[in-house]
Amino acid sequence: MITQFTMDAPYPRVLDRTAQGVIHQPLDRPDGPLKVTGRAAYAAERALPGQAEGVLVRATIARGRIAGMNDATVRAMPGVLGVVSDERFIRNPAQGGAGKAPVQGVTEVFYHGQPVALVVAESIEQARHAAASLRLHYQESAAQVDPDTALSVDQPEKRKLEQGDFDRAMAQAHEVVDVTYSTPPHHAAAMEPHAAVAQWAEGSLTLHGAYQMLKYNRAELADALGIPPEQVRILSPYVGGGFGSKLGISPEAVAAAIAARALDRPVRVVMTRQQVFSMTTHRTATRQRLRLASDAAGKLTAIGHEDRVYNLPGESFSEPTAQSTHFLYAGENRRLGQSVARVNRTCAGSVRAPGEAVGMLALEGAMDELAHSLGLDPVEFRKRNIPARHPEEDIPFSARRFSDCMDEGARLFGWGARNAVPGQQRDGEWLVGHGMAAAARVNMVSASQARVTLRPDGTALVETDMTDIGTGTYTILGQIAAEMLGLPLTAVEVRLGDTDLPPSAGSGGSHGASSAGSSVFIACESLRARLAGQLGCAPEDLTLKDGVATGANHRSGLAGLLPEGEIVAEGHFEPGQTSKEVSQASFGAFFAEVGVNRVTGETRVRRMLGTFAAGRILNEKTARSQCQGGMIWGIGAALTEDLAFDPRDGHVVNDDLAEYHLPVNRDCPPVEVHLLDERDDMACPIQSKGIGELGISGAGAAVLNAIYNATGIRLRSYPATPDKIVSALPG
């Protein structure tokens with residue numbers, strides 16, 4: 001039985017009437033013990049009978065063509081089974097939600113690090129040695145590796161906005177800010193490297209891989225190979241982090257599949273850490289010009305946000321840098337625009353919170369600057385500029401506790417006790433300061449399907465191809481089914497990460513829990529209606545708790561209501577008119593205290609607090625974990641992370657976790673998270689909104705604003721490394 005619900009209007013608040021009481025609770029992850037004991041098998045750990053090992057070979061020029069290689073010599077090396085260089089190889093990963101293959105081919109080279117061959121051998125040691133022995137010969141062409149001097153620059157129409165008379169508003173303003181912020185490239189740097197194990201049988205491919213959005217990945221892989229999607233099965237039950245880098249199918253999957261078919265045996269391809277940094281997507285650098293105008297009362301009259309980003313030629317994705325600028329603050333006169341430089345660097349794509357993660361670093365810095373110019377408290381200034389309606393689309397907002405997040409965060413942090421005058425608080429040789437920033441992330445939902453089976457023994461099975469990339473999907477989908485069917489969480493089995501299961505939204509864009517969760521909810525609603533019919537009551541009068549059904553003065557165990565055995569329902573969730581009728585987003589606020597060493601320029605974050613409102617919180621523990629992780633990403637963006645490209649040939653210089661400086665325990669204070677109660681009826685049937693990316697969106701700006709309060713130095717070039725600070729400190 002299939003039940004579909006399209007989100008054209010709010011769904012009745014069924015979850016507010018259920019009785020099991022597991023929703024929102026900070027329950028542990030059922031997959032946790034499997035992961036910490038090594039029983040959760042990740043893609044690279046798959047070992048199939050007769051499996052061969054493959055190692056990718058990268059181009060070592062930025063632009064040109066492959067003129068030849070010593071593949072005959074390499075094929076003769078011990079243990080080597082083949083050298084595969086196929087025009088079906090993909091140049092770079094598919095962008096999130098593409099559903100088709102990206103640019104393909106190995107003859108033409110577009111960036112240093114592009115995969116151009118795969119060496120397959122009996123053992124990984126033999127494959128590595130042979131891959132290192134493969135010599136490529138090139139016909140080089142002129143490359144464009146510097147975004148600032150690139151000859152080809154696009155200006156996408158979809159990023160342009162002119163509203164009102166921006167120039168006049170700037171000229172007549174009481175106070176203006178006209179500043180340029182820059183952010184360096186970032187990398188997802190997920191703990192699990194990209195990996196694939198491919199096996200063919202009777203013309204069909206089974207691929208064990210690490211991917212986030214399987215219904216799209218299946219189509220992308222099939223398109224790259226030139227076969228129907230029905231002949232592809234992808235298995236990704238456990239994914240060790242993605243952060244956008246595993247949204248689309250990646251080079252290792254296509255290469256493994258081609259080699260496995262050619263050799264008629266399974267082939268495993270696992271990227272090295274260095275290959276992950278060069279062959280998978282990263283976040284573009286940005287240069288952002290912010291222009292803000294205010295009247296004497298501290299009301300914004302104009303907002304300008306124009307940025308320059310980059311990507312490979314032929315890539316449609318460009319970082320939506322001004323995504324939150326569209327809706328976060330008022331200001332009737334607006335100018336937004338973007339330039340995209342076409343460069344020969346590894347592909348740019350979505351990294352956690354594409355748009356807000358870097359756009360809000362600039363926007364929230366500029367807002368802090370204007371607040372200080374006006375002599376206003378940064379919290380009060382932001383509150384004065386919360387728009388009543390979407391400032392560009394003139395539609396209402398759905399549930400929005402933005403102001404409450406700032407007020408509650410300020411109260412909990414002790415914001416009112418800070419010294420607003422920069423450079424006044426000292427602790428020995430440390431200058432101490434406090435800063436804040438807003439948090440905002442657009443809310444999205446996507447089509448998703450799930451199947452739920454209720455068994456007479458009081459257990460349930462949830463099935464969908466949704467993935468768990470460390471976010472807690474197994475737990476949350478189990479909680480929704482347990483709540484709706486009146487079962488303990490231990491009685492619900494959740495199966496994920498298999499394209500043979502109903503297709504889901506996938507993990508990405510913070511829409512996974514709401515979309516996939518809604519499909520589980522809809523399937524359970526169908527099962528509840530059937531149970532109510534068996535009990536002789538209306539569905540709204542049915543109570544399910546601890547495996548017992550009550551209604552219409554009747555009471556029965558589940559077995560008594562399932563005389564013919566298990567019952568099955570599929571739930572189909574579709575976005576609808578509510579996503580067009582109202583502006584939906586999750587909101588929050590960050591507060592940070594830093595110490596800046598006035599001798600070395602080193603910055604230490606001493607404490608950090610975030611308050612967030614993201615609709616119904618499905619699991620308090622997993623939600624809190626997501627926000628904490630996002631705030632730690634914010635510390636990294638503020639202080640350490642900078643993906644460096646060699647200006648000569650565009651190769652990634654710091655291509656491992658030793659040199660790409662992620663924040664570690666010593667960099668991070670206790671990160672305090674507070675979740676405000678909220679329901680958003682317009683978002684989805686379970687009233688939840690995205691939270692996985694909210695915690696990063698604006699977090700780094702709070703740190704740099706605190707550095708200004710500590711030192712009086714306004715840094716606009718991220719990250720705030722000691723050399724930048726110490727050079728600006730007074731002698």
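The values are calculated or read from the model by the stated rules, or taken from the named source; none is laboratory data. Fair warning: this is a prediction, and the values are worked out from it, not measured in the lab. As a convention, Cβ positions derive from the backbone with ideal geometry for all residues, glycine included, and neighbour counts pool all protein chains shown. Note: areas computed on protein heavy atoms with side chains; ligands, DNA, RNA excluded. Shrake-Rupley method; radii C 1.70, N 1.55, O 1.52, S 1.80 Å.
Tabulated values for the structure
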| read-out | value |
| --- | --- |
| Members of segment 429-459 that are touching a Gly at 6+ places or on another chain (Cβ under 9 Å) and of a type in the set (Gly, Ala, Ser) | GLY433, ALA437, ALA438, ALA439, ALA440, SER446, SER448, ALA450, GLY458 |
| GLY375, sole failed condition from (1) within 23 Å of LEU704 (Cβ to Cβ); (2) in contact (Cβ under 8 Å) with a residue 60 or more places away in the chain; (3) surrounded by fewer than 22 Cβ atoms within 10 Å (Cβ to Cβ); (4) not charged (D, E, K, R) | (2) |
| Enumeration of residues in segment 380-396 that are crowded, with 20+ Cβ neighbours inside 10 Å and either outside any loop (DSSP other than H, G, I, E, B) or at pLDDT below 95 (or both) | PHE381, ARG382 |
| Enumerated strands (runs of 3 or more DSSP E) restricted to segment 173-223, each holding at least 2 residues that are of a type in the set (Val, Ile, Thr) and farther than 23 Å from GLN104 by Cα | 175-183 |
| Residues (in a loop (DSSP other than H, G, I, E, B), touching a residue at least 12 places away in the same chain (Cβ under 8 Å) and out of contact with any Ser or Thr (no Cβ under 8 Å at 6 or more places or on another chain)) located in segment 705-731 | GLY712, ILE713, ARG714, LEU715 |
| Residue list for segment 465-483, filter: open to solvent by 10 Å² or more (accessible area, probe 1.4 Å), touching a helix residue (DSSP H, G or I) at 6+ places or on another chain (Cβ under 8 Å) and either within 12 Å of GLN25 (Cβ to Cβ) or in a loop (DSSP other than H, G, I, E, B) (or both) | THR471, ILE476 |
| Selection from segment 27-64 of residues that are in a strand (DSSP E or B) and open to solvent by less than 40 Å² (accessible area, probe 1.4 Å) | ALA52, GLU53, GLY54, VAL55, LEU56, VAL57, GLY64 |
| Pick from segment 311-321, criterion open to solvent by less than 10 Å² (accessible area, probe 1.4 Å) and not hydroxyl-bearing (Ser, Thr, Tyr), ranking: nearest to GLY97 (Cα to Cα) | GLU319 |
| Selected residue (only one of ALA420, ALA399 is surrounded by fewer than 20 Cβ atoms within 10 Å (Cβ to Cβ), among the aliphatic types (A, V, I, L, M), modelled with pLDDT of 95 or more and outside any helix (DSSP H, G or I)) | ALA420 |
| Matching entry among HIS208, HIS174 (being over 19 Å from VAL351 (Cα atoms), open to solvent by 60 Å² or more (accessible area, probe 1.4 Å) and not hydrophobic (A, V, I, L, M, F, W, C)) | HIS174 |
| Answer from ARG268, ARG308, ARG287 - the residue that is open to solvent by 10 Å² or more (accessible area, probe 1.4 Å) and over 22 Å from the mean Cα position of the chain (by Cα) | ARG268 |
| Subset of segment 10-26 that is in a loop (DSSP other than H, G, I, E, B) and open to solvent by less than 50 Å² (accessible area, probe 1.4 Å) - its residue that is nearest to ARG624 (Cα to Cα) | ILE23 |
| Residue pairs meeting the criteria (Cβ under 8 Å; at least 6 apart or on separate chains; first at positive phi, in segment 70-81; second part of a loop (DSSP other than H, G, I, E, B) and among the small types (Gly, Ala, Ser)) | GLY79/SER123 |
